[in-house]
1. Roughly how compact is region 209-276, stated as its Cα Rg over 2.2 N^0.38 Å to two decimals?
2. With every protein chain present, what is the per residue accessible area of the chain (1.4 Å probe, Å²)?
3. Taking θ = phi - 60°, what integer Hz values does the Karplus form 6.51 cos²θ - 1.76 cosθ + 1.60 yield along region 6-16, in sequence order, with x for Gly and Pro?
4. Given Cβ point charges of +1 (Lys, Arg) and -1 (Asp, Glu) and nothing else, what value in debye, to the nearest 20, does the dipole of region 284-364 about its Cα centre take?
5. Which order, highest average first, do 429-437, 131-139, 155-163 follow once you tally other Cβ atoms within 10 Å for each residue and take the mean per peptide?
6. Beyond 24 Å, what share of the Cα-Cα pairs of region 420-516 is found? Please give it as a whole percent.
7. To the nearest 0.05, how large is the calculated FRET efficiency for Asn374 and Ala54 if R₀ is 25 Å and r is the Cβ-Cβ distance?
8. Loop only per DSSP, at most 12 neighbouring Cβ atoms within 10 Å: give me the trypsin sites (Lys or Arg not before Pro) in region 26-100, ordered by residue number.
Amino acid sequence: MPEPTDVVDCVVIGTGAGGAPLLARLALAGLRVVALEAGPRHEPRRDFATDEQAQAFLFWNDERLSAGKHPLSFGNNNSGTGVGGSTLHYTAYTPRVQPDDLRLRTEFGRGQDWPLSYDDLAPYYDELEWLLGVSGPSPYPWGPERQRGYPLPPLPLNGAAQLMQRACEKLGIRTSPAANAALSARYYQEGIGWREACTNRGFCQAGCSNGAKASMDVTFIPLAEAHGAEVRADCFVTEIERDAQGRVTGVVYQQHGQEQRQRCRTLFLCAGAVETPRLLLLNELALSSGHVGRNLMAHPGLQLWGTFDELVRPNKGIPGGLISEDTHRPRDADFAGGYLLQSIGVMPVTFASQVARGRGLWGPQLREYMSQYNHVAGINILGDCLPHADNYLELSDEKDARGLPKPRIYFTNQENELRMNAHAERVMRRIWDAAGARDVWAFPRSAHVIGTCRMGLSGDDAVVDADGRCFDVPNLYICDNSVFPSALSVNPALTIMALSLRTADRFLEKQRRRDL
């Protein structure tokens with residue numbers, strides 16, 4: 001390749017919850033920034049049909065090798081591709097962490113503490129909730145008191161949420177409408193414009209066709225581009241180039257079959273907890289701590305399904321309509337950490353695949369069970385996970401279509417996760433019994449791969465510092481869920497975005513000090 005003369009201030013790899021907010025922040029500060037996204041750019045109204053199979057292109061479908069006693073599923077779980085990343089098909093569930101989520105080792109003597117506090121993240125949570133237009137209850141029943149409530153009232157409760165709400169009330173378990181980054185009313189945000197309200201079509205686990213769901217392609221990406229950021233789609237980064245001192249000088253990427261190079265002064269790696277460590281391992285970069293690819297965690301996400309006499313229509317409405325954090329730190333827990341409970345909606349093809357795997361039904365038996373789909377409702381948990389030496393990512397000997405080693409991910413639920421799942425299943429069975437469910441069955445699963453490039457106080461046992469800056473490479477930052485020191489007992493998207501804005505602000509502060 002000819003050597004390019006063009007040098008930008010920053011290159012951002014990935015345009016999901018980690019890359020898009022900081023891209024906008026850097027562009028607003030007047031820096032020249034380029035984002036490289038492995039997937040294409042989509043036009044929601046044209047591309048996001050109300051059809052599950054028609055939206056399979058939103059997932060990261062490159063093969064990943066799963067190993068361990070409880071191999072993780074990928075594809076439509078844990079990953080996404082396209083301008084907007086995984087937020088194109090996330091369910092928009094946006095609870096905040098509670099302060100003790102960040103102090104797991106201090107609280108339990110196990111796991112890892114974060115090198116920052118809830119107070120470091122709280123201003124960014126507040127900013128994000130108002131920029132994204134989060135719909136939720138004010139006040140929120142759990143966690144610290146907030147400076148202001150959510151900008152919009154909660155979305156309507158779907159059938160599963162109503163069943164769960166009534167049953168929990170009988171059992172004395174507090175519930176609340178959940179916080180969702182989907183609009184319960186038309187919403188305007190300066191720099192972004194008007195976004196339309198949710199139509200309750202229930203396709204939040206796929207692409208939102210009217211922009212009501214706050215995915216990055218309809219929020220931070222247009223904000224970034226309005227202030228001069230350049231987003232290049234279909235760009236798969238393969239190499240990170242360095243100078244003799246080890247500083248990043250640029251990246252090499254493939255676009256439409258051609259190899260390209262982009263030089264930069266600073267690199268922000270925001271490719272997720274699988275592709276971020278994979279890229280570092282491929283380039284033998286930031287490896288001195290020995291923790292790249294290590295400390296892999298996955299949220300326990302056990303689901304409990306039941307059949308009801310009432311008409312539920314589980315595909316309607318926001319999937320996660322109701323939440324309870326009364327199980328955040330259960331009194332009778334025999335495990336470290338905790339979990340939340342949420343009602344779940346599900347689309348029919350997704351549910352049929354879970355029935356086939358979870359109950360072993362196929363052919364006529366599967367068709368017979370699916371005939372009662374409109375009377376099915378589910379609850380699930382989202383729980384903390386402890387890092388363990390047996391859970392990690394490595395490069396395999398098997399090559400992908402680009403000739404690069406495929407990632408191999410080892411995962412086994414350890415005693416803490418098994419105990420948490422058992423506790424949660426008992427609680428959820430009590431709820432569904434109180435709701436009048438029959439034919440109740442559990443579907444074990446894990447969600448959200450986390451922690452493969454964790455942050456810490458020292459390069460001895462961490463890859464980046466509290467600002468996301470690599471200990472080994474001064475002009476390389478990482479910002480995605482790979483930097484989480486612990487899994488947290490809430491969905492990760494809002495915290496990833498908060499870290500993204502904080503990382504950008506800390507970087508800009510360093511730049512300003514350098515100019516003085």
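The values are calculated or read from the model by the stated rules, or taken from the named source; none is laboratory data. Keep in mind that this is a model prediction, so the values were computed, not measured. Here the Cβ is made from the backbone with ideal geometry for all residues, glycine too, and neighbour counts use every protein chain on show. These area figures cover heavy atoms from the full protein model, side chains too; ligands, DNA and RNA do not enter into them. Shrake-Rupley method; radii C 1.70, N 1.55, O 1.52, S 1.80 Å.
1. Working: Rg = 14.8 Å, N = 68, 2.2 N^0.38 = 10.9 Å.
Relative to the rule-of-thumb radius for its length, region 209-276 sits at 1.35.
2. Normalised by residue count, the accessible surface of the chain is 38 Å².
3. Calculated HN-Hα couplings, in order: 7, 10, 9, 5, 9, 10, 10, 9, x, 10, x Hz.
4. Values: 7 positive and 7 negative charges, 47 e Å.
For region 284-364, the charge dipole is close to 220 debye.
5. On the way: 429-437: 18.9, 131-139: 22.0, 155-163: 23.7.
Final packing ranking: 155-163, 131-139, 429-437.
6. On the way: 2042 of 4656 pairs.
Summing the P(r) tail past 24 Å for region 420-516 gives 44 percent.
7. Values: r = 22 Å, r/R0 = 0.87.
The value I calculate is 0.70.
8. On the way: sites: Arg32, Arg41, Arg45, Arg46, Arg64, Lys69, Arg96; in loops: Arg32, Arg41, Arg64, Lys69, Arg96.
Listed in order of number, the matching sites are Lys69.
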